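Structure first, then comments.
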Amino acid sequence: MSIGKQLMTMLAIAILGILAVFSIGLSKMDTVYEKTNTCNVDSLPSILVMHHMQQSLYKMRMLSYKHLAQQDKTQLAKTEEDFKAARKEFEEYMKSYEPMVSDEKDRQIYTTEKEQYKTYIAFVEKLLQISATNNKDEAFAFITPNAQMINAFIQTIEDHMLYNQQLVNTDAKNAVSEKWTATIMMILLSLVVV
């Protein structure tokens with residue numbers, strides 16, 4: 001083989017090696033970008049919606065207890081209107097979460113939240129009816145057996161937020177792993193090319 005052919009062969013190998021390093025690096029960068037961008041696209045918006053749901057739930061709870069403390073019909077009507085607004089807010093956030101469901105476990109938690117919400121709303125509507133009759137002792141007695149249901153609903157929302165956080169952490173770990181794999185592959189290919 002002549003020197004010219006040998007140089008052309010070495011040049012072709014070098015070009016192929018550079019192209020391989022470039023394509024692997026680009027591929028791995030895309031993978032790392034996808035994994036890290038999951039936080040911005042999926043998990044962070046999901047966690048924010050969960051946070052707003054939680055805040056709306058706390059408003060509903062506070063307003064239902066405020067209703068128990070009031071006796072004036074005008075104040076009761078105002079509190080009921082405020083409760084309806086908080087309820088509508090919660091329902092809008094809950095509905096806005098549905099397209100964000102990321103996997104089967106997420107769907108199961110979301111379904112549980114919807115079921116618990118229906119139970120919670122039925123409870124609060126009954127509580128407000130009792131409170132509106134100014135029978136506060138009966139209303140307080142109605143709360144006690146339902147406290148566990150309320151706490152379970154709150155815990156489900158908190159667990160849902162934690163699950164979304166776990167998804168972020170998993171994707172971040174996968175991104176770091178992909179970065180290291182890409183780095184090692186590019187170093188090895190560079191050594192082979194050289």
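The values are calculated or read from the model by the stated rules, or taken from the named source; none is laboratory data. Quantities reported herein were computed from a predicted structural model and do not represent experimental measurements. Positions of Cβ are generated from backbone atoms using ideal geometry, with glycine treated the same way; all protein chains shown enter the neighbour counts. Surface accessibility is based on the protein's heavy atoms, side chains included, excluding ligands, DNA and RNA. Shrake-Rupley method; radii C 1.70, N 1.55, O 1.52, S 1.80 Å.
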Given R₀ = 41 Å, what would the calculated FRET efficiency be for L26 paired with D103, taking r from the Cβ atoms and rounding to 0.05?
0.90
Could you run the Karplus curve 6.51 cos²θ - 1.76 cosθ + 1.60 with θ = phi - 60° over the stretch 88-100 and give me ³J(HN,Hα) per residue in whole Hz, x for Gly and Pro?
4, 4, 4, 5, 5, 5, 4, 5, 5, 6, 3, x, 8
Calculated from backbone phi, Karplus (6.51, -1.76, 1.60) coupling profile of the stretch 111-128 in Hz, x at Gly/Pro:
5, 4, 4, 4, 5, 5, 5, 4, 5, 4, 5, 4, 4, 5, 4, 5, 4, 5
Quick one: if you stick a label point 7 Å off each Cα along the C-beta vector at A77 and A152, how many nm between them?
3.8
Computed from the mean reciprocal separation of all distinct C-alpha pairs, what Kirkwood hydrodynamic radius does the chain have, in Å?
21.0
Excluding ligands, DNA and RNA, what is the solvent-accessible area per residue of the stretch 60-194 at a probe of 1.4 Å, expressed in Å²?
60
What are the extents of the Cα atoms of the stretch 32-135 along their three principal axes, in Å, largest first?
60, 21, 15
Two-site label geometry, I187 and L162: point separation in nm, points 7 Å out along Cα→Cβ
3.8
In percent, how large is the relative contact order of the chain, given Cα pairs closer than 8 Å and 6 or more residues apart?
42
How much net charge surrounds E80 when only other residues with a Cβ under 11 Å from its Cβ are counted (Lys, Arg +1; Asp, Glu -1)?
+2
J(HN,Hα) series, the stretch 142-148, from Karplus relation 6.51 cos²θ - 1.76 cosθ + 1.60, nearest Hz, glycine and proline x:
6, 5, 3, x, 9, 4, 5
For the stretch 109-148, shape from the Cα gyration tensor axes a ≥ b ≥ c, cut at a/c of 1.5 then a/b versus b/c, turns out oblate
How much of the accessible area of the chain, probe 1.4 Å, is carbon plus sulfur, in whole percent?
62
In nanometres, the difference between 0.36 nm per residue of separation and the alpha-carbon distance of K66 and M8 is 12.4 nm
